Amino acid sequence: MRLLNLFKIATKAIILNKTRTLLTMLGIIIGVASVITMLAIGEGSKESIRTTISAMGSNMITIKAGADTRGGVRQAASVMESLTLSDYEAIKNQSTLLSYSTPMVNGGGQVINGSNNWPSTIYGVNPDYLKIKVVDLQSGSMFTDTEVKTASKVAIIGQTVVENVFPDGKEPVGQMIRFNNIPFKVIGVLEEKGENTFGQDQDDVVIAPYTTVQKRILAIDHLNQIMASSISEEDAPSAVIEVSEILRTQHKLTATEDDDFSVRSMEELISTFSSTSEMLTLLLVAVASISLLIGGIGIMNIMYVSVKERTKEIGLRMAVGAKGADILMQFLIEAILISITGGVLGVLLGLASTVFIEKFLNWPTSVALYSIIISFAVCAVTGIFFGWYPARKASALDPITALRYE
């Protein structure tokens with residue numbers, strides 16, 4: 001009953017000073033809304049990164065040549081030619097955690113069709129490439145293992161290449177194009193994928209058998225990289241270790257020698273981007289939390305003013321039997337009510353802000369339940385922490401002095 005009466009008294013005092021109470025809440029409202037909005041933007045960006053990278057093949061593993069020292073000179077990874085077809089064969093035959101794998105060679109050049117031409121990149125791969133990259137064909141078909149063995153001049157092209165070398169809307173499948181003056185028959189068109197996380201146009205590609213690109217376009221016998229897909233996303237870290245061990249054996253590296261290759265999974269990429277996103281989110285939340293601190297200071301100041309204004313009321317209550325603990329609890333309840341009400345309004349404003357940002361600014365957002373729980377917890381702590389001093393001040397007043405206060 002005592003707590004209920006104190007709650008009623010605190011509520012009445014808040015209602016009698018609506019404008020002052022609202023102004024006191026403003027810092028809490030803005031702080032909570034800012035924290036929820038910033039966390040929603042951070043969570044949304046992490047989910048967007050994971051979704052985008054997963055669309056590129058969440059199980060994908062990339063093996064590239066690494067930097068190494070040759071003749072006393074440190075060579076950059078980009079000029080190394082340490083990956084060979086025998087490495088690919090060893091990985092394909094010995095690995096137990098890979099479902100698909102393909103050698104890859106690539107080079108830039110001009111795609112030509114009649115008077116139309118377009119600068120693009122040709123990728124030499126095997127038929128597993130589409131499964132690894134999670135890409136489907138819009139029309140036509142993928143080249144076969146037989147066409148890879150015979151180095152057939154067949155190609156699959158992306159939508160960007162189609163739009164630029166077949167501007168009249170003519171069906172590309174069955175047509176002849178040239179890449180750096182080497183003729184290719186178009187046997188398929190890839191489905192549109194758009195840009196990836198790095199802003200790279202995934203439709204600006206020409207795909208051909210790696211043997212054809214090696215012999216007829218690049219005139220090389222090494223590989224630029226090897227791409228593979230683990231059996232599942234969970235197996236990717238183990239697959240990376242397995243592939244590394246196979247290649248170390250293949251390259252006859254001793255225990256003291258560094259790898260002359262690099263093996264990376266998409267999970268590592270997701271983790272890197274997520275860590276960066278989390279750091280930025282924490283920074284934004286820290287800035288937004290300043291509003292909560294300011295709101296707490298506002299509560300303390302207003303409650304202190306309220307104690308001064310109601311000194312006679314405090315004296316009268318203590319004179320008729322109220323204890324110091326009752327006065328302390330009354331003002332503490334007022335501070336907590338102001339803080340929590342501001343928190344509720346802040347949550348509503350924060351949710352409305354995330355909807356606005358996603359709908360009108362097209363930024364990905366995702367409101368996590370923990371952000372709302374944390375905001376409420378902070379509001380309660382803020383009310384208690386910043387309301388305690390004024391409440392303690394009120395409970396320590398002498399009844400006779402308080403009644404004489406003018």
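Using the empirical formula 2.2 N^0.38 Å as the baseline, the Cα radius of gyration of the stretch 167-316 reaches a ratio of 2.09.
When the Gaussian network model of the chain links Cα atoms closer than 10 Å, the mean-square fluctuations of Gly296, Gly342, Gly194 top out at Gly194.
Working note: Karplus 6.51/-1.76/1.60 with θ = phi - 60° gives the stretch 18-25 the couplings 4, 4, 5, 5, 5, 5, 5, 5 Hz, where Gly and Pro are set to x. Just to confirm the number: angle between the C-alpha axis of helix 369-395 and the first principal axis of the chain, 0 to 90 degrees, nearest 10? Relative to the chain, helix 369-395 is tipped by roughly 20 degrees.
Taking every protein chain into account, the accessible area of the chain amounts to 51 square angstrom per residue (probe 1.4 Å). The convex hull of the Cα atoms of the chain, projected and averaged over all directions, covers 30.7 nm². When you restrict to C-alpha pairs under 8 Å that are six or more residues apart and normalise by the size of the chain, the relative contact order lands at 29 percent.
Relative contact order, whole percent, for the stretch 83-259 stands at 33, derived from Cα pairs under 8 Å and 6 or more residues apart.
Computed from Cα atoms, the angle from the helix 2-16 axis to the main principal axis of the chain rounds to 80 degrees.
Students often get this wrong, so check it: of Lys46/Lys131; Lys215/Lys252; Lys312/Lys393; Lys64/Lys149; Lys64/Lys252; Lys64/Lys92, which have C-alpha atoms separated by over 19 Å? It would help to have the intermediate numbers written out before the result.
On the way: Lys46/Lys131 25 Å; Lys215/Lys252 28 Å; Lys312/Lys393 14 Å; Lys64/Lys149 23 Å; Lys64/Lys252 17 Å; Lys64/Lys92 15 Å.
Too far apart for the 19 Å limit: Lys46/Lys131; Lys215/Lys252; Lys64/Lys149.
From its DSSP helices (H runs of at least four residues, each -39,500 (n - 2.57)), the chain gives a residue-normalised ellipticity at 222 nm of -18000 deg cm²/dmol.
Over all orientations, the stretch 83-259 has a Cα convex hull whose mean projected area works out to 11.0 square nanometres.
Accessible area of the chain with a 1.4 Å probe: how many percent of it is carbon plus sulfur? Don't skip to the end; give the middle numbers.
Details: 12260 of 20560 Å².
So the carbon and sulfur contribution to the accessible surface is 60 percent.
Compared with the dominant principal axis of the Cα atoms in the chain, helix 266-309 is inclined by about 10°.
The values are calculated or read from the model by the stated rules, or taken from the named source; none is laboratory data. Note that the structure is a prediction, hence the values are computed from the model and not measured. Each accessible area value is taken on the protein alone, full model and side chains, heavy atoms only, with ligands, DNA and RNA left out. Shrake-Rupley method; radii C 1.70, N 1.55, O 1.52, S 1.80 Å.
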